[in-house]
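Please treat every number below as a calculation from the coordinates, not as lab data. Just so we're clear, the structure is a prediction, and the values are computed from it rather than from any experiment. Backbone-built Cβ (ideal geometry, glycine too); neighbour counts: all protein chains shown.
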Amino acid sequence: MPLFARIVYVYIKNSRNPRTYWREHVKSVFLQCKVMVEKLELFTNSVLTKHKDLVVAMAEDLLKNETIVYQRIKELLPDDWKIV
């Protein structure tokens, strides 16, 4: 049995109400996930807003050609951007 499972087992065994523990634990995990998703959403919106001109250029290229390849993306981006 993995260490984490043993620790949880011991905690539940010694806890008076394991269901309450699990509910609180699940709530905590979901709250942490929600916070992370909100932060990622804010970051994504800020990056897209900051580089709106590039997003529009790629969108127009996609509408015109229906596909976009790596080389074309490199052509649309400024020269000082490093792309791996």
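Arranged from fewest to most other beta-carbon atoms within 10 Å of their beta carbon, Met58, Met36 become Met36, Met58. Computed from backbone phi with θ = phi - 60° and the Karplus coefficients 6.51, -1.76 and 1.60, the 3J(HN,Hα) list for the stretch 66-81 is 6, 9, 9, 10, 3, 4, 5, 4, 4, 5, 6, 7, x, 5, 7, 7 Hz; x is used for glycine and proline. Take the Cα of Asp80, go 7 Å toward its beta carbon, and the backbone nitrogen atoms of the stretch 48-67 under 18 Å from that spot belong to 50-55. The string of couplings for the stretch 46-62 from the Karplus curve (6.51, -1.76, 1.60, θ = phi - 60°) is 5, 5, 5, 5, 4, 10, 4, 4, 6, 5, 5, 4, 5, 5, 5, 5, 5 Hz, one whole number per residue in order, with x for Gly and Pro.
In a fully extended conformation the segment linking Met58 and Val35 would gain 5.3 nm over its present Cα-Cα distance, using 0.36 nm per residue.
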